[in-house]
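The values are calculated or read from the model by the stated rules, or taken from the named source; none is laboratory data. Computed from a prediction, not measured in an experiment: that's the story for all the values here. Using ideal geometry, Cβ is built from the backbone for each residue, glycine included, and neighbour counts are taken over all protein chains shown.
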């Protein structure tokens, strides 16, 4: 198949088979993704059988070749649970989030504003927010509070959605309704807290307060000053005491000093008698369902569901984001909506390429990452040998490739989706510029056009050729929210260093850190490639492994990641499936062998030898995390079939297709597994 200039091309493989060519995602039905819940069941299943029962009953694979289980695969299965526990614990301890999911959430809010507000009002709101932020940063008292009208909205559901979108997008603003008119004003409580903590923490705290997610918690940065902690406690108790409660707990920092953190959590609702209790119970309704979508972004599907039901997109929760060009099924939970109400909109959704079923009441929302993996049914079309051999040779080549991936696994690279679709500039290049605090360079990369002749790239080309910000803003389509926000900031502050910094600060935090995480993912990919090329699949002294698998949630990160000793290497205490590598950050440990030296040299060659992965000017904090080097597909089934291209009877031709059925752990990429199998890049 045609290769594209992605960062995966130069990376190592774990097996040495030949591979083959083919194309994927020719149509959404060629890439079917079904979420696997924490109990190991497909979410499409209404009868409760486990995966093995379902696979055995699949008509499409009755005559398929099933790869045998191996000792290595069984070891991997036994480690799956511990691996997920470690990853979840690392994320909790370091406040690491899945940037794609948060990015989608914030884009969601901007899409709502873009839908409900005309361009003039959007610009007025952005300017108002910028002015309020600037006033707060100067620590000047607001005096008489300003107000901005966003217009009149007769529909109460539209007003509710707008209130939530504004507060989640601009946590330093308050919204209120006067008759049917929605207005905004500065949030003086936000200003007071930002003087006690930081703008970044105040942003996150007020977003947390406004979201009101049941059972959620917010933790401030460690603080050694008791008087200051007391002030924070008093502020929260005074302003939000009826809603939340606070508690301090100790932790030992990297400098061995005991530090204290303040954690905030929502108070448990106490039962009461009469009508009030019944109304509270009604407000706590949660309904679960399976969402099937075809050729739709998860964000787009959730937005349409929210619009159809008259609720906020944030009232929906799901375990993860699914592919767009595919047929995907996943569990979703919606708050405030009864099963009967969901049943009533089923027919409306089919016109949008969506179906909902398995509708039933549940007790709480879903959490990101609460899935055991995804099951894939994939069709690779136009399968052919790299060398153009015979059909018999092709059968042997495919069989060898599938067997190798089953028995030896694949290197758990981040997939090309992580780095964006661009060919000229990808997300990691912008991330590197941000880490080096080269703001103007990051802006230029952000607006570098691709080869496509569409309105977005025309606007970017105009910007690069003329640096005419106003003209570019006029050309940039309204739905390109990030680009327009950046351009408005540049228009106000200029293309100097300060203006470019303001431009980056004008877009949401999760969008900024998305680019930094893309760069860190690129480093991880290259480190994994170097690790396998240098040491193969043997565990060597200095490797990092998952350790202390039975530890509880309070066990510190340093106790969960262990450095392999020389004795452990000699006695083969660990297997390659337990080895992890760090994503760069300020709170991780590096291997102490040649791989650790590789990290040091790679970061130095990129100009990051002194980078602390905390960028105060951009309010970015990158703690880092760990990721397993090797993963295995489970229950891998495949068959090759002959397809006839009968566009005309006279020119009919035959092609070979490969049908695959497999399950991958969460955060694994099917395209990366296929890359190892086919020795191709997508």
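How many residues are surrounded by 18 or more Cβ atoms within 10 Å (Cβ to Cβ), out of contact with any strand residue (DSSP E or B) (no Cβ under 8 Å at 6 or more places or on another chain) and not in a helix (DSSP H, G or I) when one looks only at the stretch 528-549?
Count: 1.
Restricting the search to the stretch 345-396, which residues are surrounded by fewer than 18 Cβ atoms within 10 Å (Cβ to Cβ), on the phi < 0 side of the Ramachandran plot and more than 31 Å from the chain's Cα centre (by Cα)?
Residues satisfying the conditions are 384, 386, 387, 389, 390, 391, 392, 393, 395, 396.
Return yes or no: is residue 342 surrounded by 15 or more Cβ atoms within 10 Å (Cβ to Cβ), in contact with a helix residue (DSSP H, G or I) (Cβ under 9 Å, 6 or more places away or on another chain) and within 30 Å of residue 512 (Cα to Cα)?
On the way: surrounded by 15 or more Cβ atoms within 10 Å (Cβ to Cβ): yes; in contact with a helix residue (DSSP H, G or I) (Cβ under 9 Å, 6 or more places away or on another chain): yes; within 30 Å of residue 512 (Cα to Cα): no.
So residue 342 does not fit the description; no.
Checking residue 200 against (1) modelled with pLDDT under 85; (2) more than 31 Å from the chain's Cα centre (by Cα); (3) within 19 Å of residue 235 (Cβ to Cβ): exactly one of these is not met. Which one?
Residue 200 satisfies every listed condition except (2).
crowded, with 18+ Cβ neighbours inside 10 Å, in the same structural domain as residue 381 (by TED's automatic domain parsing), farther than 30 Å from residue 440 by Cα and at pLDDT below 95: is that true of residue 642 in this structure?
Working: crowded, with 18+ Cβ neighbours inside 10 Å: no; in the same structural domain as residue 381 (by TED's automatic domain parsing): yes; farther than 30 Å from residue 440 by Cα: yes; at pLDDT below 95: yes.
No; evaluated as a whole, the condition is false for this residue.
Assess whether residue 168 counts as being buried (at least 17 other Cβ atoms within 10 Å of the Cβ), in contact with a helix residue (DSSP H, G or I) (Cβ under 7 Å, 6 or more places away or on another chain) and modelled with pLDDT of 80 or more. Even if it seems obvious, please write down each step before you answer.
Values: buried (at least 17 other Cβ atoms within 10 Å of the Cβ): yes; in contact with a helix residue (DSSP H, G or I) (Cβ under 7 Å, 6 or more places away or on another chain): yes; modelled with pLDDT of 80 or more: yes.
Here the answer is yes, as residue 168 does meet what is asked.
If residue 277 meets every condition in (1) at pLDDT below 65; (2) within 26 Å of residue 225 (Cα to Cα); (3) surrounded by 12 or more Cβ atoms within 10 Å (Cβ to Cβ) apart from one, which number is that one?
Exception for residue 277: condition (2).
Considering only the stretch 200-212, how many residues are touching a strand residue (DSSP E or B) at 6+ places or on another chain (Cβ under 8 Å) and buried (at least 16 other Cβ atoms within 10 Å of the Cβ)? Working first, answer last.
Residues of the stretch 200-212 that are touching a strand residue (DSSP E or B) at 6+ places or on another chain (Cβ under 8 Å), as a first pass: 200, 204-205, 208-209, 212.
Going one step further and asking which of them are buried (at least 16 other Cβ atoms within 10 Å of the Cβ), we end up with 200, 204-205, 208-209.
The number of residues fulfilling the criteria is 5.
Select the strands (runs of 3 or more DSSP E) contained entirely in the stretch 284-338, then report the ones holding at least 3 residues which are touching a residue at least 40 places away in the same chain (Cβ under 8 Å) and in contact with a strand residue (DSSP E or B) (Cβ under 9 Å, 6 or more places away or on another chain). Spell out the reasoning first.
Values: elements: 286-294, 316-318, 327-335.
Correct list: 286-294, 327-335.
Hey, does the stretch 665-679 have a residue that's in contact with a strand residue (DSSP E or B) (Cβ under 8 Å, 6 or more places away or on another chain), within 30 Å of residue 386 (Cβ to Cβ), in a strand (DSSP E or B) and assigned by TED's automatic domain parsing to the domain that holds residue 40?
The answer is yes, given that some residue of the stretch 665-679 is in contact with a strand residue (DSSP E or B) (Cβ under 8 Å, 6 or more places away or on another chain), within 30 Å of residue 386 (Cβ to Cβ), in a strand (DSSP E or B) and assigned by TED's automatic domain parsing to the domain that holds residue 40.
Residue 282 versus (1) within 19 Å of residue 359 (Cβ to Cβ); (2) surrounded by 15 or more Cβ atoms within 10 Å (Cβ to Cβ); (3) at pLDDT below 85: which is the lone unmet condition?
With (1) within 19 Å of residue 359 (Cβ to Cβ); (2) surrounded by 15 or more Cβ atoms within 10 Å (Cβ to Cβ); (3) at pLDDT below 85 applied to residue 282, the lone miss is (2).
Would you check which residues across the stretch 550-584 are in contact with a strand residue (DSSP E or B) (Cβ under 7 Å, 6 or more places away or on another chain) and either at pLDDT 95 or above or not in a helix (DSSP H, G or I) (or both) and list them?
561, 562, 563, 564, 574, 579, 580, 581, 582, 583
If I filter the stretch 597-619 down to residues being surrounded by 15 or more Cβ atoms within 10 Å (Cβ to Cβ) and out of contact with any strand residue (DSSP E or B) (no Cβ under 9 Å at 6 or more places or on another chain), which single residue comes out as nearest to residue 527 (Cα to Cα)?
Let us first name the residues in the stretch 597-619 that are surrounded by 15 or more Cβ atoms within 10 Å (Cβ to Cβ), namely 598-599, 602-603, 606, 608, 611, 613, 615, 618-619.
With the extra rule that they be out of contact with any strand residue (DSSP E or B) (no Cβ under 9 Å at 6 or more places or on another chain), the set shrinks to 598, 602-603, 606, 608, 611, 618-619.
On the way: 598: 7, 602: 9, 603: 11, 606: 14, 608: 16, 611: 18, 618: 27, 619: 27 Å.
Taking the candidates together, the pick is 598.
Scan the stretch 356-399 for residues that are more than 30 Å from residue 643 (Cα to Cα) and part of a strand (DSSP E or B) and jot them down. Working first, answer last.
Initially, the stretch 356-399 is screened for residues more than 30 Å from residue 643 (Cα to Cα), giving 356-373.
Scanning the stretch 356-399 gives 356, 357, 358, 359, 360, 361, 362, 373.
Provide a single number: the residues in the stretch 501-522 that are farther than 29 Å from residue 599 by Cβ and touching a residue at least 60 places away in the same chain (Cβ under 8 Å).
So the answer is 4.
Condition first: within 18 Å of residue 212 (Cβ to Cβ) and surrounded by fewer than 23 Cβ atoms within 10 Å (Cβ to Cβ). Now tell me which residues in the stretch 178-189 satisfy that.
Just the residues of the stretch 178-189 that are within 18 Å of residue 212 (Cβ to Cβ), to begin with: 187, 189.
The one that is within 18 Å of residue 212 (Cβ to Cβ) and surrounded by fewer than 23 Cβ atoms within 10 Å (Cβ to Cβ): 189.
Only one residue in 497, 468, 454 is exposed (fewer than 15 other Cβ atoms within 10 Å of the Cβ) and within 30 Å of residue 585 (Cβ to Cβ). Which one? Spell out how you get there, then give the answer.
Values: 468 fails: within 30 Å of residue 585 (Cβ to Cβ); 454 fails: within 30 Å of residue 585 (Cβ to Cβ).
The match here is 497.
Within the stretch 611-633, can you find the residues that are in a strand (DSSP E or B) and more than 19 Å from residue 506 (Cα to Cα)?
The first filter runs over the stretch 611-633 and keeps only residues in a strand (DSSP E or B), leaving 614-615, 620-621, 625-628, 630-631.
Correct list: 625, 626, 627, 628, 630, 631.
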